[in-house]
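Quick notes on the structure that follows.
What follows draws every value from the coordinates through simple rules; no lab data is involved. Small disclaimer: the values here were computed from a predicted structure and weren't measured. Methodologically, a virtual Cβ is constructed for each residue, glycine included, from the backbone with ideal geometry; neighbour enumeration extends over all protein chains shown.
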Amino acid sequence: MTKNKERLFNTHKDEVIINYMKANSNEKFPFAKLSKLFLKEHVILKAKQIAHRWWNKLDHRLSKVRISDKEKSYIKSWVESHQKARPIIQWNELQSEMKTKFGKFHSRNDLKNVWYSYKRYLSRGNNKNNIDNSKAKLSYILNDDDIYKYPS
């Protein structure tokens with residue numbers, strides 16, 4: 001038997017969040033108040049869930065355009081330079097700096113995706129030296145230098 005699971009957010013909930021944020025954008029702790037508002041409707045949504053939805057999907061300032069290569073390069077260099085000073089990455093700082101520099105307001109998730117994708121790429125060691133080293137290791141393990149010559 002399969003269990004029907006209702007989606008966490010739907011168009012009605014999104015509209016409630018958007019309308020509330022339009023009317024109360026300068027309010028202190030708007031997401032906590034929204035959470036209480038939903039609770040009155042017997043809908044359990046935590047303030048953090050609402051905040052993530054707002055910052056990554058619903059905020060009207062968000063750019064729908066893909067991140068360019070120039071922007072990706074900027075994200076990588078910004079995170080690398082700021083991570084030396086403090087280990088916790090301030091994504092909201094990067095987000096506002098990117099808006100100033102490039103004129104686009106990308107979601108925090110998009111910025112994180114660029115950085116962590118790059119970090120995975122580096123951790124895999126995707127460069128020519130590592131590929132050559134792995135060929136040498138394979139050759140040593142198989143001891144087949146005389147049988148098969150690797151293409152250059």
- In sequence order, what are the phi-derived ³J(HN,Hα) couplings for the stretch 34-47 according to the Karplus relation 6.51 cos²θ - 1.76 cosθ + 1.60 with θ = phi - 60°, rounded to whole Hz, with x for glycine and proline? 5, 4, 5, 4, 5, 4, 5, 8, 6, 10, 9, 10, 7, 4
- Message: Quick query: amide H of PHE105 versus all other amide H atoms, modeled in the peptide plane; which residues come in under 5 Å with a sequence gap of 5 or more or a different chain?
- Response: SER63
- Query: Which residues in the stretch 34-53 have a backbone N closer than 13 Å to a point placed 7 Å from the Cα of ALA23 along the Cα-to-Cβ line?
  - Reply: 34, 37-38
- Query: So between GLN90 and SER77, what do we pick up on full extension, going 0.36 nm a residue minus the alpha carbon distance?
  - Reply: 3.3 nm
- Message: I need ARG124, ARG108, ARG53 ordered by Cβ neighbour count within 10 Å, fewest first.
- Response: ARG124, ARG108, ARG53
- For a footprinting-style exposure proxy, rank ILE18, ILE88 by other Cβ within 10 Å, fewest first. ILE88, ILE18
- Can you list the HN-Hα couplings for the stretch 51-60, worked out from phi with the Karplus curve (6.51, -1.76, 1.60; θ = phi - 60°), rounded to whole Hz and with x for Gly and Pro? 4, 4, 4, 5, 5, 10, 9, 9, 4, 5
